[in-house]
Amino acid sequence: MLTSPIELLRKDIEEAGLIDSQSDEFYQELLDYGIESVQQFEDAYHGEYRSGAEFSEQLCDDCGYLHCARHNDELPAFILNHIDWEAVWSRELCFDYFMIKANTGYAFFTSNF
């Protein structure tokens, strides 16, 4: 019996335990972005977040951008509280990453996998 590309991708990703069960639309979007294998999924996947803003802040923190270079301290709250993380997502990061609606928010992927 022939299986659709969506069913094959779903089976492979879910059997690998990489993400909880998602809708057919989720897997179709992965295919539309060129993710056709577990290896590509692993290379591109950056986790699930509630928004582009949340993803942007976490990515910048993970990359060390939120720490002062000379003093190795975190940026003061009065600066952090005024960063428009949604603008960081929509004006900068969305060109190198994409998000797909998932069951509990959005799954984020790098476009360079």
(message) Given a 1.4 angstrom probe, what's the average accessible area per residue across the chain, in square angstrom?
(response) 65
(message) With +1 assigned to the C-beta of every Lys and Arg and -1 to the C-beta of every Asp and Glu, and no other charges, what is the dipole magnitude of the chain about the Cα centre in debye, to the nearest 20?
(response) 180
(request) Report the residue, chosen from Glu36, Glu48, Glu74, that carries the largest GNM mean-square fluctuation when the chain is represented by alpha-carbon nodes joined by springs under 10 Å. (result) Glu74
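Starting from region 40-107, pick out the chymotrypsin sites (Phe, Trp or Tyr not before Pro) whose DSSP state is loop and whose Cβ has at most 14 other Cβ atoms within 10 Å.
Tyr65
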(message) Just to be sure I follow the definition: excluding the sites themselves, where is the longest run in the chain that has none of the trypsin sites (Lys or Arg not before Pro) in a DSSP loop with at most 16 other Cβ atoms within 10 Å?
(response) 1-49
(request) May I ask which residue of Ile13, Cys94, Ala44 lies farthest towards the positive end of the charge dipole of the chain, with charges of +1 (Lys, Arg) and -1 (Asp, Glu) on Cβ and the Cα centre as origin? (result) Cys94
(request) Could you tell me, in Å, what Rg and Dmax come out for the Cα atoms of the chain? (result) 16.7, 62
(message) Of the candidates Ala16, Ala77, Ala53, which one comes out as most mobile in a Gaussian network treatment of the chain with C-alpha springs shorter than 10 Å?
(response) Ala77
(request) Keeping the other protein chains in place, figure out the carbon and sulfur percent of the accessible area of region 1-86, with a 1.4 Å probe. (result) 49
(request) Counting only C-alpha contacts under 8 Å and six or more residues apart, can you give the relative contact order of the chain as a whole percent? (result) 31
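The values are calculated or read from the model by the stated rules, or taken from the named source; none is laboratory data. Not measured: the values here are computed from a predicted model. Every residue, glycine among them, receives a Cβ derived from its backbone with ideal geometry; neighbour counts consider all protein chains shown. Note: areas computed on protein heavy atoms with side chains; ligands, DNA, RNA excluded. Shrake-Rupley method; radii C 1.70, N 1.55, O 1.52, S 1.80 Å.
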